[in-house]
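The values are calculated or read from the model by the stated rules, or taken from the named source; none is laboratory data. For clarity, every value in this text was computed on a predicted model and none was experimentally measured. Reconstructed Cβ throughout: ideal geometry from the backbone, glycine too, with neighbour counts over all protein chains shown. Side chains are part of the model used for accessible areas, which takes the heavy atoms of the whole protein and leaves out ligands, DNA and RNA. Shrake-Rupley method; radii C 1.70, N 1.55, O 1.52, S 1.80 Å.
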Amino acid sequence: MQRRNLLLLSAAAAVSAAPMALHAQGSSAPIRLVVPYAPGGPLDVTSRVLAERVRDSLGTVVVDNKAGAGGNIGADAVAKAAPDGLTIGLAATATHAVNPWLYSRMPYDAAKDFAGITQMVRVPNVLVVNAARAEQLKINTVADLIAYAKKNPAKLNYGSGGNGSAGHLAGEMFKQKAGIYALHIPYRGASPAQLALLAGEVDYNIDNLAAAAPNIRAGKLKALAVTSAQPSPMLPGVPTLAQTFPGFAIDTWWGLVAPAGTPKPVIDKLNKAFTDALKAPETKARFEALLAEPVSSTPEQFDAFMAAERAKYQQVVKASGAKVD
């Protein structure tokens, strides 16, 4: 009996050590990187760039797009995967900071079901107005927009990619800070919301810089301010909303997570590979073309950052009244 127990214990120890050994010695088994959004967007493209960059250190990384339910389907697939380092996923503002407060029922616990690997990207949002409308109303600054809204109550509206989207929440936060009213008009996605702004159906949006930049450069949209705490080098000369409202900061961000319980040596190996890739000049150049700033961090820093973002958005979502049942 004693010999049988020793054999069982030895087998269990071998199984528990397998994930660490797998990455320590190298393996032909590919790593699956779950992106909880459709192919083609900035989150997908940056993930594929990094997957290429870590091939030498981690082997093959296969990007698996699992879109739906505001990112919850893909995030849940990561949460419920084996914690062996062979399934990792993209954590984004929506999936790990907003959705826990926006959805009445969540299939995963954003605070407990994941282990941070590293932050990947930060992209400022930008307050933009229809350029022709701005010229007509003589709106050239944030102060001009606020002054117009106060002199003309209930005449302004703004668009977003939907209830609970980053643009909606940032718009509500802006209204609260400015003490103004503007009607929120939700669209089915960020692209329709931008088209509505270009068509003059809405007066302003708070949009992702990566999406808004081409029309800003073309002179169709006028950028009044960025929502990041610091000015964006990608929009030189454009002030921050924090200059008008101290503490105002809403960025779009995303990073990498593993299922909770993934061994620390595996997390550390993944962190080193991906942070090295993020610091590479080639990565910075590729991301810059997407107007995305690469941001690397330790696993502990990313966990703390996501916790702080959840706390912030709990208040923002509550104040906005947005809910998805």
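Scanning region 191-203 for any residue that is open to solvent by 20 Å² or more (accessible area, probe 1.4 Å), in contact with a strand residue (DSSP E or B) (Cβ under 6 Å, 6 or more places away or on another chain) and in a strand (DSSP E or B) turns up nothing.
Can you give me the number of residues within region 252-280 that are more than 20 Å from residue 83 (Cα to Cα) and either surrounded by 23 or more Cβ atoms within 10 Å (Cβ to Cβ) or among the hydrophobic types (A, V, I, L, M, F, W, C) (or both)?
Quick first cut of region 252-280, residues more than 20 Å from residue 83 (Cα to Cα) only: 252-254, 275-280.
Then keep just the ones that are either surrounded by 23 or more Cβ atoms within 10 Å (Cβ to Cβ) or among the hydrophobic types (A, V, I, L, M, F, W, C) (or both); that gives 252-254, 277-278, 280.
Qualifying residue count, region 252-280: 6.
In region 251-277, the residue that is modelled with the highest pLDDT out of those that are within 15 Å of residue 293 (Cα to Cα) and of a type in the set (Val, Ile, Thr) is 275. Just one of the listed residues (301, 243) is more than 21 Å from the chain's Cα centre (by Cα) and either in contact (Cβ under 8 Å) with a residue 24 or more places away in the chain or open to solvent by 20 Å² or more (accessible area, probe 1.4 Å) (or both), and it is 243. Candidates are the residues of region 97-125 that are touching an Asp or Glu at 6+ places or on another chain (Cβ under 6 Å) and at pLDDT 95 or above; the one that is farthest from residue 200 (Cα to Cα) is 116.
Within region 207-227, the set of residues being open to solvent by less than 10 Å² (accessible area, probe 1.4 Å) and either under 18 Å from residue 250 (Cβ atoms) or free of Cβ contacts under 8 Å to residues at least 24 places away in the same chain (or both) comprises 209, 212, 213, 224, 225, 226, 227.
If we keep just the residues of region 26-50 that are polar (S, T, N, Q) and assigned to a loop (DSSP other than H, G, I, E, B), which is modelled with the highest pLDDT? Full working, then the answer.
So in region 26-50, the residues polar (S, T, N, Q) come out as 27-28, 46-47.
Restricting the remaining residues to those that are assigned to a loop (DSSP other than H, G, I, E, B) gives 27-28.
Working: 27: 53, 28: 69.
Per the criteria, the residue is 28.
Any chance region 146-153 includes a residue that's at pLDDT 95 or above and buried (at least 24 other Cβ atoms within 10 Å of the Cβ)? Scanning region 146-153, I find no residue that is at pLDDT 95 or above and buried (at least 24 other Cβ atoms within 10 Å of the Cβ), so the answer is no. Taking region 154-188, which residues are over 24 Å from residue 315 (Cα atoms) and surrounded by 16 or more Cβ atoms within 10 Å (Cβ to Cβ)? 156 - this is the single residue of region 154-188 that is over 24 Å from residue 315 (Cα atoms) and surrounded by 16 or more Cβ atoms within 10 Å (Cβ to Cβ). Within region 60-81, one or more residues are modelled with pLDDT under 95, under 15 Å from the mean Cα position of the chain (by Cα) and in a loop (DSSP other than H, G, I, E, B).
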